[in-house]
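Only the coordinates and a few stated rules stand behind these numbers; no lab work does. Because the structure is predicted, anything quoted here is derived from the model rather than measured. Positions of Cβ are generated from backbone atoms using ideal geometry, with glycine treated the same way; all protein chains shown enter the neighbour counts.
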Amino acid sequence: MAPAVDVGESVTVADRLSEPQILSQEEISNLLKEAEARLREAHNRRVLSQSTSISAFASLPKLKGESLAIPYLQEQNGIARADPARLINAEHRKLADDVYVPEPVVKKEGKKAKETAGTDWFDMPKTELTPELKRDLQLLQMRNVLDPHRHYKSSGKGKIPAFSQTGTVIEGPTDFYSARLNKRERKQTFAEEIVAGEKENGRFKRKYNEIQEAKTSGKKAHYKKLKEQRKRRG
């Protein structure tokens, strides 16, 4: 069992705790000493911080008024004038007053244009562009159009070669007779060969007519042509 507690005794203890405590003279003096010590410590810290800031300012170099630079501008009769002797350095003024002698111009030798492609390319000569050669080169660029049934390797962006040489293919004695060209069939340029081949097969004309027929399909001229064909059949 819990021990019995007297109600009157508990009330008396609570009343004692709620009452303000009365300090003795010795406790009051101790509290005053502690407060005085705290104030003294705060004052010492404040003085120390002020001394450090003053010492930092004292370490800065002092400016001497005698060593200041003399200004370039001076007032004369109410007008600001510059001292010409101080505007330009003495060495620069001496160079400016001397007579200027231009240095001799040495022309650099330009890079000489090569006349041939070199020994690695059998001294192929430089290209002499003529109208005939230009036309032949253009036809070579369009050879895949001229002969679509044969595959040709791409030869660049159509630039004219710096070095080139034209020649004639000579048939050997072992070639078959049908593979040779007689003098009448042999032409001087590619353009002449293409024109001669067109006269024989008429391929370009046939292709042109096919393209025109596809473009005009569905138009008025196309229906007129169909009507004429029907009339002929009828």
Query - Spin-label proximity, K225 to the stretch 186-215 - amide N less than 16 Å from point 7 Å beyond Cα toward beta carbon - result: 205-215
Report task. Find out how many positive minus negative residues lie around E41, taking Lys and Arg as positive, Asp and Glu as negative, among other residues whose Cβ is under 13 Å from that of E41. Result -> +3
Requested in this report: Mind giving me the FRET efficiency for E185 and H149? R0 is 35 Å, r the Cβ-Cβ distance, nearest 0.05 is fine.
Outcome: 0.95
Query raised in the report: What are the ³J(HN,Hα) values, in whole Hz, obtained from phi via the Karplus relation 6.51 cos²θ - 1.76 cosθ + 1.60 with θ = phi - 60°, for each residue of the stretch 86-99 in sequence order, with x given for Gly and Pro?
Result: 9, 6, 10, 5, 5, 5, 5, 5, 5, 5, 6, 6, 6, 6
**Report entry** Straight-distance crosslink candidates among aspartates and glutamates, where the alpha carbon sits under 15 Å from K225 and sequence neighbours closer than 8 are dropped
**Finding:** E210, E213
Query raised in the report: Given H placed 1.01 Å from N in the peptide plane, which residues other than close sequence neighbours of F163 have an amide H under 5 Å from its amide H?
Result: T127
Query raised in the report: If you rank T166, T189 by fewest surrounding Cβ atoms within 10 Å, what's the result?
Result: T166, T189
Requested in this report: At 7 Å along the Cα-to-beta-carbon direction for both D98 and S24, put a label point, then send me their distance in nm to one decimal.
Outcome: 10.3
**Report entry** 5 angstrom amide H check on M124, placed H, neighbours 5+ away
**Finding:** A117, G118
Query raised in the report: When the chain is fully extended, how far beyond the present Cα-Cα distance does T130 get from N77, taking 0.36 nm per residue of separation?
Result: 10.9 nm
**Report entry** Full-stretch length increase - F204, E41 - with 0.36 nm per residue and alpha-carbon distance subtracted
**Finding:** 47.3 nm
Query raised in the report: If you find the alpha carbon centre of the stretch 85-153 and of the stretch 173-234, how far apart are they in angstrom?
Result: 46
Query - Count of Lys pairs (Cα-Cα under 29 Å; at least 8 positions apart or interchain) in the stretch 152-222 - result: 22
